[in-house]
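The values are calculated or read from the model by the stated rules, or taken from the named source; none is laboratory data. These numbers come from a predicted model, not from an experiment. We place every Cβ from the backbone using ideal geometry, glycine too, and count neighbours over all the protein chains shown.
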Amino acid sequence: MQTSRFQLGLIAALALSLGFSLASSEAVGYPAGAAVSVGANPVWSVGGTLVSGSEESVLTAGPTQMAIVSDVVLTVAGDCSEGMDIALETESGGAVASFTIASDSHGGFNNYTVWTPSSVSHSFSSGLPVQSSEALIISRSGGGSCDAKFTLSGYYAQP
């Protein structure tokens, strides 16, 4: 039994098409396990400055989505030696996360005190959830007269 050129060509074409169909493409996804992201660009980032005793609503999750906080960066500069407490919570009063941050001093030129800036940078492996239609509030207490700078980032997911 002889194999014709047509059969050889057909076998080669089938093998080539099978190879292309089995080739994997690059996978794209977002962290947090089984969470399903929402929209074409579901990432968000907010930042600002907190003065002593301040409270600020930084974002509100939509009625059909959750907001997941994945990263927090806090910085202080100046005389914050007594430390300050920074809290993240939802408008319904649910605590999401809390941090304490302070700066340190050392002797400087001509007896001036030099304050070393301090920061907290934290990434949450599973994220901090803000439920549908809830606002995320950041607040600060203590810390004297210095300011706290913050940046929060994350992504939106289906509830």
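Of the numbered criteria (1) surrounded by 12 or more Cβ atoms within 10 Å (Cβ to Cβ); (2) under 12 Å from residue 156 (Cβ atoms); (3) modelled with pLDDT under 80, the one residue 41 fails is (1). Could you pull out every one of the strands (runs of 3 or more DSSP E) wholly within the stretch 44-99 that has 2 or more residues that are touching a strand residue (DSSP E or B) at 6+ places or on another chain (Cβ under 6 Å), within 10 Å of residue 139 (Cα to Cα) and of a type outside the set (Phe, Trp, Tyr)? Filter on the stretch 44-99 gives 55-60, 84-90. Cβ separations smaller than 7 Å between residues 6+ apart or across chains give the following pairs from the stretch 119-130 residues that are polar (S, T, N, Q) to residues that are part of a strand (DSSP E or B): 119/73; 119/74; 119/75; 121/73; 123/70; 123/71. In the stretch 136-159, the residues that are within 15 Å of residue 74 (Cα to Cα) and in contact (Cβ under 8 Å) with a residue 40 or more places away in the chain form Cβ pairs under 8 Å with partners that are of a type in the set (Asp, Glu) and assigned to a loop (DSSP other than H, G, I, E, B), at six or more places apart or across chains, as follows: 137/91; 142/82; 143/82; 146/79. Within the stretch 123-141, not a single residue is at pLDDT below 85 and either among the aliphatic types (A, V, I, L, M) or in contact with a Cys (Cβ under 6 Å, 6 or more places away or on another chain) (or both). Of the set (1) under 16 Å from the mean Cα position of the chain (by Cα); (2) at pLDDT 90 or above, all apply to residue 57 but (1).
The number of residues in the stretch 105-117 being at pLDDT below 65, surrounded by fewer than 12 Cβ atoms within 10 Å (Cβ to Cβ) and assigned to a strand (DSSP E or B) comes to 4.
Return the residue satisfying two criteria in turn: it lies in the stretch 77-104 and is among the small types (Gly, Ala, Ser) and surrounded by fewer than 14 Cβ atoms within 10 Å (Cβ to Cβ), and of such residues it is modelled with the highest pLDDT. Please lay out each step first, then the result.
Our first condition is that a residue be among the small types (Gly, Ala, Ser); within the stretch 77-104, this holds for 77-78, 81, 83, 87, 92-95, 97-98, 102-103.
When the remaining residues are screened for being surrounded by fewer than 14 Cβ atoms within 10 Å (Cβ to Cβ), the result is 92-95, 98.
Numbers: 92: 83, 93: 79, 94: 76, 95: 67, 98: 89.
So the residue we want is 98.
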